[in-house]
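Here's the structure, in structure tokens; my notes come after.
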Amino acid sequence: MATIGKPSEGSGPRNGSPWLIGGAVVVLVVAAATVYLFFFRSQPLDTAPIERQLEESPGELLLTLPFDSIERVECPDDVEVEEGGRFSCTVYGPRGRSTVIDLVQQDEEGNVEIVFNE
């Protein structure tokens, strides 16, 4: 005979701790990924200043080009910052002419050097 008002075996309140632990693990994983993406993963090299400098002050570069003036320079946006890293930029001259130049990163501060005669 069952007593009214008395809970039966196993029908007590459920323990919510597995959900709390699972939620905490998810929060920690998301936080770790965010910290990695913003602080430890290197940002791409900002090539806009390099393009401007080559356009405004080509210096020795102009002597190696198949044309006598520079209209614009385009470098890739996804260059990884790495001392010794190499990448190429396209230099555009008059009448739609263009040529590709190679650059090498001197340090992790964005300083580059044009690679001549290789």
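Only the coordinates and a few stated rules stand behind these numbers; no lab work does. As the structure is a computational prediction, the values presented were derived from the model and not from experiment.
Shown in residue order for region 94-109 are the 3J(HN,Hα) couplings computed by the Karplus curve 6.51 cos²θ - 1.76 cosθ + 1.60 at θ = phi - 60°: x, 6, x, 6, 8, 8, 9, 10, 9, 10, 10, 7, 7, 7, 9, 9 Hz (x for Gly and Pro). Subtracting the Cα-Cα distance of Ile114 and Leu20 from their residue separation scaled by 0.36 nm leaves 28.2 nm.
Remark: region 64-71, residue by residue, has Karplus-estimated 3J(HN,Hα) of 9, 7, x, 9, 9, 8, 10, 8 Hz, where x stands for each Gly or Pro and the curve is 6.51 cos²θ - 1.76 cosθ + 1.60 at θ = phi - 60°. Here's how it looks for Val112: its modeled amide H is under 5 Å from those of Gln106, which are all 5 or more places away or on a different chain.
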